[in-house]
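Student: Can you read through this structure? Questions will come right after.
The values are calculated or read from the model by the stated rules, or taken from the named source; none is laboratory data. Every value quoted in this text rests on a predicted model; they were computed, and no experiment measured them. Every residue, glycine as well, gets a Cβ built from its backbone with ideal geometry; the counts of neighbours run over all protein chains shown. Surface areas here come from the heavy atoms of the whole protein model, side chains and all, with no ligands, DNA or RNA. Shrake-Rupley method; radii C 1.70, N 1.55, O 1.52, S 1.80 Å.
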Amino acid sequence: MATRLGMPAPAPIQLAPRHVTRKLKVGSVEVGGDAPVSVQSMTTTKTTDINGTLQQIAELTAAGCDIVRVAVPSQDDADVLHIIAKKSKIPVVADIHFQPRYVFQAIEAGCAAVRVNPGNIKQFDNKIAEIAKAASDAQVPLRIGVNAGSLDKRIMEQYGAATPEALVASAMQEARLFEDVGFRDFAISVKHHDPVVMIRAYQLLAEACDYPLHLGVTEAGPAFQGTVKSAVAFGALLAQGIGDTIRVSLSAPPVEEVKVGVKILESLGMRPRHLEIVSCPSCGRAQVDVYTLADEVTKGLEGMTVPLRVAVMGCVVNGPGEAREADLGVASGNGKGQIFVHGEVVKTVPEDQIVETLIEEANRLAESAQAAPGADQPAGSPVVSVG
């Protein structure tokens, strides 16, 4: 029998019923309906740099990205889409603005979906029926992507600002253009840089339609600020059952976007957790440098592909209890650490040997789990949760 690692999963707690939406197929990934919430990102390379773009897509895939978007601002970019779409291991979405001919080329190239922006939809007005037919024939869905920074002037004149109501009006206006020609295979996003405006916009949108919703706080900012904004906004909406796919927008490498997105879903119980490091925040009771211990253990276990809960604790108040509850743990104090494996103390080591001992024991547990007959551990990269 396989050795079970990770804490036993409690009965799932549903914070709110899932908002019922249509289901789309974005390549191999289902979006909407009862499909898991997916994580998206966007490449930062020039799309014409085929090797660089594919390398970045590979890195995003390894980090847990489900769907990737590439920019198509020029004819040269459109001309290489067929290569990128064919070689990518995850579905590729073409990001199209202004030029309707790129939409057709993206569909022909085998892209899994196409994003269009109603803010410059005037360029598409006389092409809606043609775009809808091409997308329908190829079974390629679209995303109507509304951004506060590029709202149609007509919408801005009507509402005076990029209010939640303005964002939703823009999206629904565009949706109706496609509905009028019988096309409904699309998702919608209404992004704003202010989480409060963004949350309200998606609440209104969820009331107005049953299309899959792609969540995003646009121009969220540098890594720390953008992470906080996205976590607040996504957490609020997903806890209400709103949202089918997410993209964290950071002024940081796109892999960081994926890491944050995955962690948000894990924190809400919407993705299986893998490696989890439980470590105390430290206080005046701590008798070891918990910060350094937790960081070194995290680095030492990077790349582990089995679920494992490791407790790194710094005092005798909560330390022994947390260490016993984990697969592997240490309760530290008085210059030494008690090492727990599945709730039992297996050894006591000097403080300067705690990190290497935990890493050795973690690798031993992982090897045992992987070698056991019938092992069914989910694969994944380490994820760290600091308590």
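Student: Looking for whichever is within 32 Å of the chain's Cα centre (by Cα) and open to solvent by 40 Å² or more (accessible area, probe 1.4 Å) here; the options are Pro281, Pro350. Which one fits? Lay out the reasoning, then the answer.
Tutor: On the way: Pro350 fails: within 32 Å of the chain's Cα centre (by Cα).
So the residue among Pro281, Pro350 that is within 32 Å of the chain's Cα centre (by Cα) and open to solvent by 40 Å² or more (accessible area, probe 1.4 Å) is Pro281.
Student: Would you point out which residue out of Gly221, Gly241, Gly216 is out of contact with any Asp or Glu (no Cβ under 7 Å at 6 or more places or on another chain) and within 27 Å of Ile107 (Cβ to Cβ)? Quick ask: steps written out before the conclusion?
Tutor: On the way: Gly221 fails: within 27 Å of Ile107 (Cβ to Cβ); Gly241 fails: within 27 Å of Ile107 (Cβ to Cβ).
Every option except Gly216 fails the conditions.
Student: Looking at (1) part of a helix (DSSP H, G or I); (2) open to solvent by 10 Å² or more (accessible area, probe 1.4 Å), which is the one condition that is false for Val297?
Tutor: Looking at each condition in turn, Val297 falls short on (2).
One line per residue, one yes/no per condition, for (1) open to solvent by 30 Å² or more (accessible area, probe 1.4 Å); (2) closer than 30 Å to Ala326 by Cα:
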position: Leu215; (1), (2): no, no
position: Ala220; (1), (2): no, no
position: Gly226; (1), (2): no, no
position: Lys229; (1), (2): yes, no
position: Ala233; (1), (2): no, no
position: Ile242; (1), (2): no, no
position: Ser249; (1), (2): no, no
position: Glu257; (1), (2): no, yes
position: Met270; (1), (2): yes, yes
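Student: Yes or no: the stretch 337-353 includes at least one residue that is touching a residue at least 40 places away in the same chain (Cβ under 8 Å), outside any strand (DSSP E or B) and either over 17 Å from Ser279 (Cβ atoms) or out of contact with any strand residue (DSSP E or B) (no Cβ under 7 Å at 6 or more places or on another chain) (or both). Spell out how you get there, then give the answer.
Tutor: Of all residues in the stretch 337-353, those touching a residue at least 40 places away in the same chain (Cβ under 8 Å) come to 337, 351.
Applying the additional criterion that residues be outside any strand (DSSP E or B) yields 351.
Still in the list and also either over 17 Å from Ser279 (Cβ atoms) or out of contact with any strand residue (DSSP E or B) (no Cβ under 7 Å at 6 or more places or on another chain) (or both): none.
No, the stretch 337-353 contains no residue that is touching a residue at least 40 places away in the same chain (Cβ under 8 Å), outside any strand (DSSP E or B) and either over 17 Å from Ser279 (Cβ atoms) or out of contact with any strand residue (DSSP E or B) (no Cβ under 7 Å at 6 or more places or on another chain) (or both).
Student: Within the stretch 133-217, considering only helices (runs of 4 or more DSSP H) that don't extend past its boundaries, which have at least 3 residues that are at pLDDT 95 or above and more than 24 Å from Ile264 (Cα to Cα)?
Tutor: Values: elements: 153-159, 164-179, 195-208.
In the stretch 133-217, the matching helices (runs of 4 or more DSSP H) lie at 164-179.
Student: Has the stretch 187-196 got at least one residue that is open to solvent by 20 Å² or more (accessible area, probe 1.4 Å), hydrophobic (A, V, I, L, M, F, W, C) and within 16 Å of Ala161 (Cα to Cα)?
Tutor: yes
Student: If we only count helices (runs of 4 or more DSSP H) wholly inside the stretch 42-120, which ones have 1 or more residues that are buried (at least 17 other Cβ atoms within 10 Å of the Cβ) and touching a His at 6+ places or on another chain (Cβ under 9 Å)? Explain how you work it out, then say what you get.
Tutor: Values: elements: 50-63, 75-79, 81-87, 100-109.
Hits in the stretch 42-120: 100-109.
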